[in-house]
Each structure stands twice: as structure tokens, then as C-alpha cells.
Amino acid sequence: MEKLILNQQNRPRLLEIIQYIKSAKNIVVIVGAGISVSGGIPDFRSPDGLFAEIMKQYPGVFSSGRDLFDLSRIFISSRSLTTFYKFMALLKQQVISARVTATHHHFAKLNNTNKLLRVYSQNVDNLEERAGLTINDCNNIRSSDRIVKLHGEIDNVWCNICHKTFPFSSDVINAFKDGTPPECQYCMEQAEKAKISGKRVRNPRSPMLPRPNILLYNDFERTVGEEIGRVAYHDQRKADCLLIMGTSLKVSGCKSLVKDFSKAVHNRGGKVIFINTTEVATNNWEGVIDVHIQGASDDWAELVEAELEKEPANKKRKRSCEDDGQKIKEGKLKKLANKDDKVVGIRQGQPTLQFKKRKGKTKRSRGREADDNEEERKITRKRHKSADSDDKVAVTSKVSRNSGRRIKTQENKRRH
């Protein structure tokens with residue numbers, strides 16, 4: 001694995017890598033929490049991250065930051081449940097105040113230039129959507145929605161009882177701050193209807209409590225791996241460049257996704273580029289990652305954008321009506337037109353022509369006339385065939401009549 005620090009000294013080699021990215025046609029990006037740090041959302045695992053902050057406020061509740069996203073650890077006690085909800089309220093407030101980073105805008109620009117195939121995001125902040133990209137729900141593998149959420153999103157709350165989602169509103173945030181789950185309005189309405197009709201009321205506040213619409217460890221009720229796998233398999237058949245940004249690659253599912261895409265990209269002769277301020281978590285990435293660029297993702301995005309802006313403008317400027325009119329007169333535009341036709345507008349990049357009436361027969365009229373003549377010939381052949389058959393019938397009947405007369409004449413002669 002080649003290692004480069006994002007600085008002026010390594011600029012020539014960095015520009016070579018940027019040239020490769022500019023030539024790529026189907027770029028896949030896998031991102032983590034590191035790309036949102038400059039937007040105001042702390043990462044999870046750094047010394048100043050969200051895990052460390054929660055550990056200071058609630059010591060002894062969880063043994064590690066991972067336990068905050070482990071369903072089997074969250075509901076083990078009322079204290080752990082309260083800590084989980086307070087943590088989610090804190091995370092949601094930081095997401096609301098966060099801003100879109102240069103990295104997120106870079107993804108949108110790659111999409112606008114038709115180079116971006118997909119972004120697989122471990123983040124729940126939905127900053128990619130704020131940058132103008134749309135979320136793929138994984139129901140359609142050929143969808144043009146570029147964002148695949150690997151771990152869910154925090155804009156909504158999911159009810160474990162009715163499996164419906166509702167907005168993560170300010171009222172829900174206040175309930176989470178108190179360490180209590182919100183009430184699902186749909187479940188409450190259904191309980192009220194059952195009570196009025198005299199049916200048995202199921203307690204809507206069961207141990208499976210409403211929570212943010214994110215994926216947790218050991219949450220076997222909500223598994224989206226199969227849906228994501230179908231989209232990833234489709235993308236692996238096209239990807240020619242893989243960018244990994246803002247993640248230390250500690251999550252097992254993300255590691256498997258990176259290795260699968262790396263194999264597909266290498267089989268196509270592409271490169272795998274890792275952009276992060278720190279090293280990868282383990283040392284078994286040789287042959288998987290080609291280049292590690294050590295630096296902030298925003299700095300890398302700005303460098304790439306600066307190089308893209310230096311590209312000369314497209315030499316093929318938009319065609320005007322006058323240009324197309326001149327091409328028609330010169331016979332350079334392959335259109336059913338002559339020099340007297342007039343260009344009256346442009347539609348979908350092609351000229352809209354006002355044709356002058358031609359003298360004589362056109363190809364279409366000549367073709368129709370030929371078809372009509374052929375049809376007449378077929379009808380004539382059918383008439384001749386029917387006439388011939390009628391003549392044969394008439395001759396046969398005449399012969400049979402003559403034969404009958406001869407037989408009668410011979411019988412009369414014998415009698416006499």
C-alpha cells in the first residue's frame with residue numbers, strides 16, 4: 001500500500017491520482033463519520049468523540065462506545081436505556097446544527113458530472129441528502145438515487161410495535177432528553193379504538209420501545225443486509241474506482257463491503273484510494289487498498305475540485321439555430337432537409353426544421369405507390385386463379401354430359 005501525506009511535497013503524485021479519478025466513469029465511495037467532523041458532528045471513536053463524552057457523563061453504564069448501539073446492552077437496565085435515549089437526543093441536536101461539508105458538496109459535483117455511481121454511508125446524519133443527493137431505499141437496484149444508508153438515519157423515529165416511522169421532532173427530542181421513550185401516536189390511536197370497541201388492548205409501551213430509525217447491533221428484527229447486498233452486487237459489475245473516506249474500517253460489515261468492491265475494481269484495472277487522517281484499524285489491507293492519502297477529506301475534496309476547474313471548457317459549445325442552418329446548407333447535418341429548409345428552434349440538442357414543400361414525389365410517397373401497385377398485382381393474380389378454376393369445372397361438367405349422351409346412344413342401338 002502506497003502512503004502519501006496530503007501536502008505540497010507530494011503534490012505531483014497527488015495530481016497523478018487526481019488524473020486517474022478524472023478518467024474514471026463509475027466511482028463508488030464508502031464513507032464514515034470522519035467526513036462530517038468539519039460540519040460540527042464529532043466522530044465516535046476519537047478521544048474527543050461522542051463515545052468519550054457519554055462515558056464521562058455516565059461512567060460505568062457501558063463498557064465501550066459500541067455498547068451504545070448494541071440492542072442487547074441497551075435494554076439490560078433502566079439506567080442503560082436512559083443513557084441511550086439521552087445520547088440520541090444529543091446526537092440529533094448536533095445533526096440539526098451541523099452544516100454540509102466540502103466533501104459532501106464534492107460528492108454532489110461528481111454526481112453532476114455523471115461520474116458517481118454510489119455512496120455507501122455509515123453515517124446517520126443525512127448530510128449527503130442536504131448536499132443534493134437522494135437516498136436509495138434498495139428496492140430498485142438500478143435506481144439513480146446515489147446514497148445507500150448502511151446504518152439507517154436519524155431524521156425519523158421507528159416504532160418497534162407497529163413498525164411505522166414518525167419525524168424526530170422537538171417533542172421527541174425533549175422526551176429523549178428526559179430519558180424516556182416517546183409515545184407512538186398510531187399505537188395510541190389503535191389502543192383507543194380497541195378500548196372503545198371492547199377488544200383487548202395491547203400495551204403500546206412494551207419493552208421493545210420506539211427509538212431512532214438506525215440499525216443496532218444484535219437487532220435481528222431489522223436486517224437490511226440482503227437489500228444492500230443486491231445493490232452492491234449490481235454496482236460491483238460497473239465500478240472502476242473506489243474511494244474510502246473518513247472511516248477507520250473497524251466495523252465488520254463495512255470491511256467486507258470494501259473488500260468485495262476492491263476485488264471488483266481491481267479486476268477492471270481500477271484503483272482503491274483511502275483518504276483519512278489516521279491509519280486503518282488493522283494491517284491486513286495489503287492488496288486491498290492501493291493508496292492511503294493521509295489528510296482531511298475536505299482538503300482532498302478541495303484539491304480535486306481545484307484541478308477539475310482547471311480543465312478546459314468543453315470545445316463543443318451549444319449549437320445555435322444559425323449554426324445548424326449553416327450546416328444544413330453545407331450538407332453537413334444528416335437530416336431529411338434541403339437548402340431551402342428553415343431552422344426554427346432546438347429541441348433536445350437537435351434542430352427543429354420547417355420543411356419547404358418538395359416538388360414531385362418523395363421517397364415516402366413513392367414507397368406507398370409501390371405498395372399499392374403490388375397489392376393490385378396480388379388481387380389480379382387471385383382473380384386469374386379463380387377464373388382458371390371456374391373454367392376447369394365447366395370443362396369437366398361438359399365432358400361428363402357428353403359421356404352420358406354416348407352411353408345412352410349405345411344402349412338404344414342395342415335395343416333396336
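Descriptive notes on the structure:
- Residue match in segment 186-201 (condition: closer than 30 Å to residue 116 by Cα and open to solvent by less than 70 Å² (accessible area, probe 1.4 Å)): no
- Scanning segment 49-71 for residues that are among the charged types (D, E, K, R) and surrounded by 17 or more Cβ atoms within 10 Å (Cβ to Cβ) yields a count of 2.
- Pairs with Cβ under 9 Å, 6+ apart, first in segment 280-293 and over 24 Å from residue 7 (Cα atoms), second open to solvent by less than 40 Å² (accessible area, probe 1.4 Å) and assigned to a loop (DSSP other than H, G, I, E, B): 282/249
- Taken together, 38, 46 contain a single residue that is open to solvent by 40 Å² or more (accessible area, probe 1.4 Å) and either within 18 Å of residue 105 (Cβ to Cβ) or hydroxyl-bearing (Ser, Thr, Tyr) (or both), which is 38.
- Within the set 19, 93, 57, the sole residue that is of a type outside the set (Ser, Thr, Tyr), at pLDDT below 85 and more than 24 Å from the chain's Cα centre (by Cα) turns out to be 57.
- Qualifying residue in segment 326-340 (condition: at pLDDT below 75, crowded, with 21+ Cβ neighbours inside 10 Å, small (Gly, Ala, Ser) and more than 20 Å from residue 103 (Cα to Cα)): yes
- Residue match in segment 1-22 (condition: closer than 24 Å to residue 167 by Cα and either out of contact with any helix residue (DSSP H, G or I) (no Cβ under 7 Å at 6 or more places or on another chain) or free of Cβ contacts under 8 Å to residues at least 24 places away in the same chain (or both)): no
- Condition met for residue 77 (at pLDDT below 85, more than 23 Å from residue 213 (Cβ to Cβ) and among the small types (Gly, Ala, Ser)): no
- Selection over segment 202-217 of residues that are modelled with pLDDT of 80 or more and open to solvent by less than 30 Å² (accessible area, probe 1.4 Å) gives a count of 6.
- No other residue among 163, 151 is touching a residue at least 24 places away in the same chain (Cβ under 8 Å), under 25 Å from residue 84 (Cα atoms) and open to solvent by 20 Å² or more (accessible area, probe 1.4 Å) apart from 151.
- In segment 225-266, the residues that are open to solvent by less than 10 Å² (accessible area, probe 1.4 Å), within 19 Å of residue 20 (Cα to Cα) and assigned to a helix (DSSP H, G or I): 261, 262, 265
- Within segment 54-85, tally of residues that are over 21 Å from residue 152 (Cβ atoms), part of a helix (DSSP H, G or I) and not charged (D, E, K, R): 4
- Residue pairs meeting the criteria (Cβ under 9 Å; at least 6 apart or on separate chains; first on the phi > 0 side of the Ramachandran plot, in segment 104-122; second surrounded by fewer than 20 Cβ atoms within 10 Å (Cβ to Cβ) and charged (D, E, K, R)): 114/25
- Under the condition of being within 16 Å of residue 22 (Cα to Cα), outside any strand (DSSP E or B) and open to solvent by 10 Å² or more (accessible area, probe 1.4 Å), the residues counted in segment 271-312 number 10.
- Residue list for segment 75-87, filter: open to solvent by less than 10 Å² (accessible area, probe 1.4 Å) and among the small types (Gly, Ala, Ser): 80
Yes/no per residue for (1) open to solvent by less than 40 Å² (accessible area, probe 1.4 Å); (2) touching a strand residue (DSSP E or B) at 6+ places or on another chain (Cβ under 7 Å); (3) over 22 Å from residue 222 (Cβ atoms):
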| residue | (1), (2), (3) |
| --- | --- |
| 73 | no, no, no |
| 89 | yes, no, no |
| 92 | yes, yes, no |
| 103 | yes, yes, yes |
| 110 | yes, yes, yes |
| 113 | no, no, yes |
| 119 | yes, yes, no |
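- Residue in segment 41-49 that is touching a residue at least 40 places away in the same chain (Cβ under 8 Å) and under 25 Å from the mean Cα position of the chain (by Cα) present: no
The values are calculated or read from the model by the stated rules, or taken from the named source; none is laboratory data. These numbers come from a predicted model, not from an experiment. With ideal geometry, Cβ positions are generated from the backbone for all residues, glycine too; neighbour counts draw on all protein chains shown. Areas reflect the complete protein model, heavy atoms only, side chains present, ligands, DNA and RNA absent. Shrake-Rupley method; radii C 1.70, N 1.55, O 1.52, S 1.80 Å.
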